[in-house]
1. If you scan the stretch 113-136, which residues turn out to be part of a helix (DSSP H, G or I) and either surrounded by 13 or more Cβ atoms within 10 Å (Cβ to Cβ) or modelled with pLDDT of 95 or more (or both)?
2. Within the stretch 61-91, how many residues are out of contact with any Phe, Trp or Tyr (no Cβ under 8 Å at 6 or more places or on another chain), more than 18 Å from residue 4 (Cα to Cα) and hydrophobic (A, V, I, L, M, F, W, C)?
3. Determine the pairs where a residue that is in contact (Cβ under 8 Å) with a residue 12 or more places away in the chain and basic (Lys, Arg), located within the stretch 18-32, has a partner that is open to solvent by 20 Å² or more (accessible area, probe 1.4 Å) and part of a loop (DSSP other than H, G, I, E, B) with Cβ atoms under 9 Å apart, the partner being 6 or more residues away or on another chain.
4. Might you check whether a residue that is open to solvent by less than 40 Å² (accessible area, probe 1.4 Å), among the β-branched types (Val, Ile, Thr), over 21 Å from residue 132 (Cβ atoms) and at pLDDT 90 or above occurs anywhere in the stretch 49-65?
5. State all residues of the stretch 72-112 that are modelled with pLDDT under 90, open to solvent by less than 20 Å² (accessible area, probe 1.4 Å) and assigned to a helix (DSSP H, G or I); if no residue qualifies, say none.
Amino acid sequence: MYKKVMWATDGSDNADRALAHAKALAADGGGPLTVVYCEEFTLPGKGGGSLPVHANEEDIQAKIERQVAELSSDGPGATLQMTTGKVGGAAQAIAEFAAQDQADVIVVGTRGHTAITGLLLGGVAQRLLHIAPCPVLAVPPERHSRG
């Protein structure tokens, strides 16, 4: 059903949890997995320059590159597409790439915010649900059992 599977990641544990679902969908569809990462930059300051939002940006990118290399050695292959955007623009950049690549589904992890918190804080998964050109599989965070 889903031949072109896209996994949108920010390098977080929540995104990593969604990877298992993306791998399964790609394996079922028999196609490669496209991994998309959007590096977000702050708005320009008085000096004019923008900075990456994450102080450990190089570490995040290295982790994602390792994950893509592992995916490529384990199965039908994976490609990494890196894009950039302004703070709060990751969902738009991912949606545009999905349209360009004609993705059949986007798999993304969520942080588990309520709908109100998602609206207030933004939330890439929340935004993708509204603007993506294809279905979005939003994988929630692991819940601890209540005892």
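1. 117, 118, 124, 125, 126, 127, 128, 129, 131
2. 4
3. Close Cβ pairs satisfying both conditions: 23/75.
4. no
5. 90
The values are calculated or read from the model by the stated rules, or taken from the named source; none is laboratory data. Source: prediction; values computed, not measured. Heads up, the Cβs are rebuilt from the backbone with ideal geometry, glycines too, and the neighbour counts pull from every protein chain shown. Ligands, DNA and RNA are stripped out before the accessible areas are found, and what is left, the full protein with its side chains, is counted by its heavy atoms. Shrake-Rupley method; radii C 1.70, N 1.55, O 1.52, S 1.80 Å.
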